[in-house]
1. Hey, what D do you get for the range 20-94 in µm²/s if you plug the Kirkwood alpha-carbon radius into Stokes-Einstein at 4 °C and 1.567 mPa s?
2. Cα to Cα, under 18 Å, and not fewer than 8 places away if on the same chain: which aspartates and glutamates meet these conditions relative to Lys116?
3. In a shell of Cβ-Cβ distance under 13 Å around Glu134, excluding Glu134 itself, what net charge do Lys and Arg (+1) and Asp and Glu (-1) give?
4. Kirkwood Rh, the range 43-156, all Cα pairs: how many Å?
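What follows draws every value from the coordinates through simple rules; no lab data is involved. Note that this is a predicted model, so its numbers are computed, not measured. Quick reminder, even Gly has a Cβ in these numbers, built from the backbone with ideal geometry, and neighbours come from all protein chains shown.
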Amino acid sequence: MDKLNQPGRCNYPFTTNKMDNLSSFDRRKTMQAVKSSRTSLERSFASQLASRGIRGWKCNFVGVSGKPDFAFPREKIALFIDGCFWHGCWKCQKPLPVANAEYWFLKIERNKKRAKKVGRELRSMGWIVLRFWEHDLKEPSLRPKLMHKVLNSMKKNS
Ligand SMILES: [Zn+2]
């Protein structure tokens, strides 16, 4: 089994070279802040799944389109954690960095388009696609609701 797709384990294969090569201090700083908060969100979600005895998932699953943050290959469920910044969350309205605002705007628009495309592709292959907002995952009172969605989807596709 390859290293990235071990069941029930998160390997966080984050790299910095996925960005374009227009690097700047500002951009790196933003990236780093966003990534570390994302890693802790994924870890927290992974431990919630584990503590409820939910098994069979893989982190950063490379076996299907879009590399879902969490995937349940047996039940065909792809779960994405949408970062409020990266996906231009309507609720949080995260401000764009002042420097290169246009770059960020276009990047976020591309992310949104890509998320839709990936969703269509996965659904056409019989996958259930769940997208959870970062702000929802950060809200402890919503945890039962989000877990319920996961469990329901597992039931539906089992
Ligand atoms: Zn948000």
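1. Approximately 92 µm²/s, per Stokes-Einstein.
2. Asp69, Asp82, Glu134
3. Details: positive: Lys35, Arg38, Lys91, Lys94, Arg131, Lys138; negative: Glu42, Asp69, Asp82, Asp136, Glu139.
My count for the surroundings of Glu134 gives +1.
4. Details: mean 1/r = 0.0665 Å⁻¹.
It works out to 15.0 Å.
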